[in-house]
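Heads up, the thing below is written out as structure tokens.
The values are calculated or read from the model by the stated rules, or taken from the named source; none is laboratory data. What you see is a predicted model; the values in this text were computed from it and never measured. Here the Cβ is made from the backbone with ideal geometry for all residues, glycine too, and neighbour counts use every protein chain on show. Note: accessible area is taken over every heavy atom of the protein model, side chains too, but ligands, DNA and RNA are not part of it. Shrake-Rupley method; radii C 1.70, N 1.55, O 1.52, S 1.80 Å.
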Amino acid sequence: MAAPMAAPCDHRGKAASPGRAQGPAYVALDPAVNATGPTKGDARSALEAAVAQAVEDLRALSARADAESAGLLDFQIEMLLDDEILTPAIERIAQGDGAPLAWAGAMNAYIDAFDGDSAASDDDPFTVKAADLSDLKHRVLDALAGRPPADFPAGAVYVGHDLPPSLFLTHDWSKGGAIALLRGSAVSHVAMLARTRGVPMVIGLGSLAVKDGQTMLVDGAEGFVRLDPTEPSTVPIPFPVKPLPFPAPAQSRHVAPSSSSVGEKVRLCVNINTLSDLEMIDPALIDGVGLVRTEFMFLSPAEALNEERHFDGYRRIVEHVKGRPVTLRMLDLGGDKPLPGLVDAGSGSFLGQRGIRLLLAHPEIARIQARALMRAAALGPVSVLLPMVTVPEEVAAMARLFDEEADRLALLGTPFARPALGIMIEVPAAALTLDLFVEAAFFSVGTNDLMQYLSAAARDEPAVVHLNARSETALFRLMDQVCAAASALGKPISVCGDLAGDPEGAARLLATGFRDLSVAPSRLAAIRAMMSPTQTGAAGL
Ligand code: PEP
Ligand code: MG
């Protein structure tokens, strides 16, 4: 069925994620949808309120429990009310930590002390166990995160100024639905998620007089929305749409080596944003996973600060791809990727504390992730990417942190392997000084950020995003230099930004000398087709 053409009464915006869907509007123009956790200023009272909330929840549980369970719950309540637990966290807040980090850091230290206490008796039901403390830690972290941003009904069309990635990730898109944004940007993270997931999205509508519940059609390919459409309702597309059209390998189950026009082998890998992306990936048809955006895998501070949660997610990816190499990127929080309760949306400057800057400023988070990454590296070929690196000292600091956590795992007898650490090339200062990054084992170019930083035009700012796109000439001059520098150093280099998933962009990257691309699963077929010998001429190689 052909896509409807825009009629005069349609509202024009810009296409951000192709596809068409209609449904009742959910109007979320109230900025409260973007509500984040407590700010630093009131971190102490936020923590005290979260502890009080946890105590209240435990009391309610205790009131309904049998006598034995109630005894244990009451004991947990006593522990939470004990100053010995709260005071170290409050001291950390006084030194500048936010409430979730202060609480997690203080509780981890406490748990470590109990872990090492060999005098504790397993027979005493009231012996403080690390597992109980860990439960308390997560209960308070959940309370700190507060109510998650209000979700909206499945199948609805979300209408708002913007849509936080965390809300996109928690929403159930299996019943269809679409996104219509008054502002927004096609190169924002939420647009990228919508494209991966096949959710139609239109941005830049400016204003829209629509009522809650009014039927709306969103055409994400043509870039318009229609109120009260007269055409029959479109069938929602369940996710995953269908197995993606991977071209079948010629003879065997093994991936046919992709080649450039000069016959050199090209590695073609996939980018993963969430574990559900695994459903779209046939490991036999990829060379590996070139980028896992781990920041999209954890939707609350309790998850992001839970080592087991990290390990379990990484293990599932490593097992799914059956021996193919996996590159896991450390949390790239900040910018347009807040984690409510841990990283405020309000401090979301792309030039601020983001990626490795945030991780080094809050090593508690980095240590948890480093341990999980090293445990995952014992299961298969895992390497680790550091986001938003600017100077070599950041890599050295992170390498030291990995060494310290490796010692700790060794002491505990936990199986682990020390993965190679590579860096994202997305800050121009790093791109221009590759030779100084002696500790980086490999490089991966993030063209999405490199373009916004080269053009000084934020990728989520509709008023200037056209400049971002027009920085391509500058980008390719720099890419030329970066590719030559990596090859002179003899270090692997790949490209994992969206440009690699665009056939024309990928053709230019191959012509520049790149031989390792990582693209969204939905872009694999198009890129492989571009690289096939019959099409290379047409692609302009
Ligand atoms: C990039 O910047 O190109 C990149 C791959 O990282 P992200 O899009 O997650 O910022
Ligand atoms: Mg980036």
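Okay, here's what the table says:
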quantity	calculated
Amide H contacts under 5 Å for A178, placed H, 5+ residues apart	V157, Y158
Summed side-chain charge close to G176 - residues other than G176 whose Cβ falls under 12 Å, Lys, Arg +1, Asp, Glu -1	+2
Whether segment 267-531 is rounded, prolate or oblate, judged on the alpha carbon gyration tensor where a/c under 1.5 counts as rounded	rounded
Segment 267-531 - percent of accessible surface contributed by carbon and sulfur, probe 1.4 Å	55
Sequence-distant residues sharing a close amide H with V495 (under 5 Å, placed H)	V445, D516, L517, S518
By accessible area with a 1.4 Å probe, ligands and nucleic acids excluded, highest first: order of S532, S518	S532, S518
Distance between modelled label sites at A399 and L29, nm, 7 Å Cα→Cβ extension	5.4
Peptide ranges 366-374, 10-18, 317-325, 409-417 listed from the most packed, as the mean C-beta count within 10 angstrom indicates	366-374, 10-18, 317-325, 409-417
Protection-proxy order for peptides 285-297, 85-97, 497-509, 452-464, each taking the mean of Cβ atoms within 10 Å per residue, highest first	285-297, 497-509, 452-464, 85-97
Per residue accessible area of segment 267-531, 1.4 Å probe, in Å²	34
Karplus-derived HN-Hα couplings along segment 215-220 (A = 6.51, B = -1.76, C = 1.60, θ = phi - 60°), whole Hz, x at Gly and Pro	6, 9, 10, 10, 10, x
